[in-house]
1. Got at least one residue in the stretch 100-121 being touching a Cys at 6+ places or on another chain (Cβ under 9 Å) and surrounded by fewer than 21 Cβ atoms within 10 Å (Cβ to Cβ)?
2. Which residue is surrounded by the fewest Cβ atoms within 10 Å (Cβ to Cβ), if the candidates are limited to the stretch 185-200 and must be more than 18 Å from G134 (Cβ to Cβ) and not hydroxyl-bearing (S, T, Y)?
3. Conditions: (1) part of a strand (DSSP E or B); (2) closer than 19 Å to A52 by Cβ. M187 meets all but one. Number of the miss?
4. Out of the stretch 64-79, which residues are open to solvent by less than 80 Å² (accessible area, probe 1.4 Å) and assigned to a helix (DSSP H, G or I)?
5. Name the single residue that is farthest from S197 (Cα to Cα) among those in the stretch 137-173 being open to solvent by less than 60 Å² (accessible area, probe 1.4 Å) and in a loop (DSSP other than H, G, I, E, B).
6. Being hydrophobic (A, V, I, L, M, F, W, C), assigned to a helix (DSSP H, G or I) and either at pLDDT 80 or above or under 19 Å from P138 (Cβ atoms) (or both) narrows it down to one residue among L87, L82, L61; which is it?
7. Do you know which of the residues in the stretch 128-155 that are in contact with a strand residue (DSSP E or B) (Cβ under 8 Å, 6 or more places away or on another chain) and free of Cβ contacts under 8 Å to residues at least 24 places away in the same chain is nearest to T185 (Cα to Cα)?
8. Please go through the stretch 126-136 and give me each residue that is more than 17 Å from S162 (Cβ to Cβ) and open to solvent by 50 Å² or more (accessible area, probe 1.4 Å), ordered by number.
Amino acid sequence: MKLQGCLLVVVVLVCVLLPATALAAVSVGVRVADHERTLPQLSAVTVAQDTALQTRLGAQLARHLAGATTGYQRLDELSMNLHERRLKLYDRLGMGPLRVELVWPDRSRTVYTMDGNSHRRAAYLTGQSRDPHGNPLPDQGAAQRAGAVSLVGWYQFQNVRSRQTWVRAARAQGIPVQDDTPSATRMQCRWSGTALSCHTE
């Protein structure tokens, strides 16, 4: 899957437009356009399951947040340098790292972070992605104990299809899901002390 140049079209840059001292927390909300040519079938579920995509998206996100998308090398490099200085200022003031939340067309969410040392590529935050209903999404963090434990709890889905999407994502991360109730829209995940398992209700 190839990500095109104009990936993020509506960006709310509250942290960039206001002085750092005026902010209680440094965060950015990015609403991603629902457009076939620029974002073919992407959602938080897609990103959570693909580490290569996470890396590519992080690099594109950094360029967009810096405004380094003009196509003119010197101007884009200047934008990246200014972006680096801004992030380092946030770090020095104790307000970093910058937290970036992507809101996808289906209302699912992906979270990235950036600081002065990672200004050229935002880093995907494991365990922070949410499906359209606010349920935590399993990603590569589920392979670690802390990541698996963070998925413990009850899950509520709008319909069977959205539950099945979550179940596929969980199984891709090696999480066993007992799916005995085909019409269920509720699910529970438990930690046995050594492993995570889920079942529908």
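1. No, the stretch 100-121 contains no residue that is touching a Cys at 6+ places or on another chain (Cβ under 9 Å) and surrounded by fewer than 21 Cβ atoms within 10 Å (Cβ to Cβ).
2. G193
3. (2)
4. Scanning the stretch 64-79 gives H64, L65, A66, D76, E77, S79.
5. Applying the filter and picking the extreme gives F157.
6. Step by step, each of L87, L82, L61 is checked, and only L61 is hydrophobic (A, V, I, L, M, F, W, C), assigned to a helix (DSSP H, G or I) and either at pLDDT 80 or above or under 19 Å from P138 (Cβ atoms) (or both).
7. Result: P136.
8. Listed by number, the residues that qualify are T126, Q128.
The values are calculated or read from the model by the stated rules, or taken from the named source; none is laboratory data. Note that the structure is predicted; figures quoted are calculated from it, not measured. Reconstructed Cβ throughout: ideal geometry from the backbone, glycine too, with neighbour counts over all protein chains shown. These area figures cover heavy atoms from the full protein model, side chains too; ligands, DNA and RNA do not enter into them. Shrake-Rupley method; radii C 1.70, N 1.55, O 1.52, S 1.80 Å.
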